[in-house]
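Asker: This structure is in structure tokens; I'll ask about it shortly.
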Amino acid sequence: MKATGKRVWRRVVSFALAAVLMATAFAVTVPEEVQAAEKKFKSTGKTTLTITDSERYYDDYLKPVGKVTWIKYTATKNGFLKVTAANSAKSDYSYALGEWRLYNKTKKKALSPNYVYNAKYSSAFYTTDYFGVKKGTTYYLQVKPACGVKLTASFTAVNDKSGSKQGSALNLQRNKKTSGLITAGSKAAHWYKYTLTSEKPLKVSFTPYLTNDVEITIFGPGVEDMKKVVSMTSKTWAREISYITDGNVRAGTYHIAIRPVSTTCTGYYKIKWN
């Protein structure tokens, strides 16, 4: 963990990170700090910001000692904002550590769970988050760093054509991945359908880039409510999850419903059948 010329975290960090930060990962609360530094992500393209050691919120024992940092973002299109935390060359610490959470324009309503970033790990699950954003809406990312960190944000537009109800379900093309967008604060269902012209196994794949859990329901003439809640863990986030029947199912139209379990589920996903 130690790098030459860098300060390392005291031993308490190993268990404090889990006990203090992760314990609040799914709590939705009003931020403690109302007076804080404010920065800004560009609406389009890529933005790189650096938070210095002197701007940190937590001390070496992960006790609050400073102010949170607020980063403003205004979406000009529907899409997702990808945010990544990385080690800062200007920091005196061996790796970046802290947490962030997305809020609405008043900084009062949390739109995502607390996310603990830890650049000690190479997996993107520990350093990256995707936030679904809506055109014309302003958001704030609340950051509570324990040391200096380099943040990179980039925006990608998504044209979500999913139906809002079963009757308007989007017809999926076979073997073609379709992207769906879950905007921050929304619990709206996303509906899709596809048609089997002959008996064959049911094969659906789902890849989530989300901040919280979703419920997926698949049903049709040969399947009775194939329902599953997908929890966002290192084993599911950004990984393809397959739903495959053991044998053939009858020909006909099959529907897929994707529902966020809470308003703190945000980001995007890919879905496909073959």
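We did not get these values from a lab; they are worked out from the coordinates using the rules stated. The structure displayed is predicted, hence computed values, not measured ones. Counting neighbours? That spans all protein chains shown, and the Cβs are built from the backbone with ideal geometry, glycine included.
Asker: Before anything else, pin down the relative contact order of the range 166-273: Cα pairs under 8 Å, at least 6 apart, normalised by residue count, whole percent.
Answerer: On the way: 272 pairs, mean separation 51.1, N = 108.
Result for the range 166-273 is 47 percent.
Asker: Further, regarding this structure: If amide H atoms are built 1.01 Å from N in the plane of the peptide, which residues on other chains or at least 5 residues away come under 5 Å of the amide H of K39?
Answerer: The answer is W70, I71, K72.
Asker: For a quick check: with amide H placed at 1.01 Å from N, whose amide H comes under 5 Å from N212's, ignoring anything fewer than 5 positions away on the same chain?
Answerer: Residues meeting the criterion, in which the H sits 1.01 Å from N, are T266.
Asker: On a C-alpha basis, how far is the centre of the range 188-249 from the centre of the range 40-74 in Å? Whole number, if you could?
Answerer: Computed from Cα coordinates, the inter-centre distance equals 37 Å.
Asker: Quick one: what are the phi-derived ³J(HN,Hα) couplings along the range 39-46, Karplus 6.51/-1.76/1.60 with θ = phi - 60°, whole Hz, x for glycine and proline?
Answerer: Per-residue couplings from phi come out as 10, 8, 9, 5, 5, 10, x, 10 Hz.
Asker: Considering Cα pairs under 8 angstrom that are at least six residues apart, work out the relative contact order of the chain and quote it in whole percent.
Answerer: 20
Asker: Rounded to the nearest 500, what is the 222 nm mean residue ellipticity of the chain from helices alone, with -39500 (n - 2.57) per DSSP H run of 4+ residues and division by all residues?
Answerer: Mean residue ellipticity at 222 nm (helix-derived): -500 deg cm²/dmol.
Asker: Provide the FRET efficiency to the nearest 0.05 for the K228-K203 pair, computing r from the beta carbons and using R0 = 22 Å.
Answerer: For R0 = 22 Å, the calculated efficiency reads 0.90.
Asker: Principal axis lengths of the range 166-273 from Cα atoms, whole Å, largest first?
Answerer: 39, 30, 24
Asker: Now for a different question. When the distances between all Cα atoms of the chain are binned every 10 Å from zero, what whole-number percent does each bin get?
Answerer: 7, 28, 30, 19, 11, 4, 0
Asker: For the range 164-215, take every pair of Cα atoms, bin their distances at 5 Å starting from 0, and report each bin as a whole percent.
Answerer: Binned Cα distances yield the sequence 4, 13, 25, 25, 19, 9, 4, 1, 0.
Asker: Over the range 132-190, what per residue volume does the convex hull of the Cα atoms give, in whole Å³?
Answerer: Details: hull volume 8.4 nm³, N = 59.
Here the figure is 142 Å³ per residue.
Asker: Additional query: Which whole-Hz ³J(HN,Hα) couplings does the range 212-221 yield from phi under the Karplus relation 6.51 cos²θ - 1.76 cosθ + 1.60, θ = phi - 60°, glycine and proline marked x?
Answerer: 8, 6, 9, 10, 10, 10, 10, 8, x, x
Asker: On to the next question. Normalise the Cα radius of gyration of the range 70-113 by 2.2 N^0.38 Å (N = residues in it) and let me know the number.
Answerer: For the range 70-113, the normalised Cα radius of gyration comes out at 1.47.
Asker: With r defined as the distance between the Cβ atoms of R239 and T138 and R0 fixed at 35 Å, what FRET efficiency is calculated, to the nearest 0.05?
Answerer: Values: r = 32 Å, r/R0 = 0.91.
Efficiency at R0 = 35 Å is approximately 0.65.
Asker: Can you order the peptides 92-99, 131-138, 153-160 by their average number of other Cβ atoms within 10 Å per residue, highest first?
Answerer: Those peptides, ordered most packed to least, come out 92-99, 131-138, 153-160.
Asker: Residue by residue through the range 234-240, which ³J(HN,Hα) values in whole Hz follow from phi under the Karplus form 6.51 cos²θ - 1.76 cosθ + 1.60 (θ = phi - 60°), with glycine and proline marked x?
Answerer: 5, 8, 10, 4, 6, 10, 6
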